[in-house]
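Below: the structure, in structure tokens.
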Amino acid sequence: MLTGVVTESMRLELRSGELVLQHLTDDTLTLAEIGLRDGMNIHVVDKDDKERDDEDDKDVAFQLSSEEYAQREGLYCHLLLLVFIVSFFKFIFSI
């Protein structure tokens, strides 16, 4: 999952709309094992959610405002599909 947040600073949540169903802490579980269903999404929270200096943004080549990001259609669907595919192949090759 590409988020712009370093792995050590991520907290993953399984959500249905704005409702947090569970915090995902075991990265060995498959999507089926966490109970992912249609309409749910995996939300990434930056645990270090600090205000960044403008200095940090100087090297950013592309940036979306929160409003532009929210208007992107199908983003969660594509991410969930990618996560599903990776989990599927991990399952197939573990047999």
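The values are calculated or read from the model by the stated rules, or taken from the named source; none is laboratory data. Since we're looking at a predicted model, the values are computed, not measured. Using ideal geometry, Cβ is built from the backbone for each residue, glycine included, and neighbour counts are taken over all protein chains shown.
Out of all the residues in region 37-51, which are in contact with a Lys or Arg (Cβ under 7 Å, 6 or more places away or on another chain) and either over 26 Å from Ile92 (Cβ atoms) or surrounded by fewer than 10 Cβ atoms within 10 Å (Cβ to Cβ) (or both)? Selection gives His43, Val45, Lys47. For region 39-49, state whether one or more residues are at pLDDT 80 or above, in contact with a Phe, Trp or Tyr (Cβ under 6 Å, 6 or more places away or on another chain) and under 24 Å from Leu81 (Cβ atoms). Yes; the residues of region 39-49 include at least one that is at pLDDT 80 or above, in contact with a Phe, Trp or Tyr (Cβ under 6 Å, 6 or more places away or on another chain) and under 24 Å from Leu81 (Cβ atoms). Of the residues that make up region 65-82, is at least one outside any loop (DSSP other than H, G, I, E, B), small (Gly, Ala, Ser) and either at pLDDT below 65 or more than 15 Å from the chain's Cα centre (by Cα) (or both)? Checked against the condition, which is being outside any loop (DSSP other than H, G, I, E, B), small (Gly, Ala, Ser) and either at pLDDT below 65 or more than 15 Å from the chain's Cα centre (by Cα) (or both), region 65-82 yields at least one hit. Taking region 7-36 as the range and being free of Cβ contacts under 8 Å to residues at least 12 places away in the same chain, surrounded by 10 or more Cβ atoms within 10 Å (Cβ to Cβ) and either in a loop (DSSP other than H, G, I, E, B) or polar (S, T, N, Q) (or both) as the test, only Leu29 passes.
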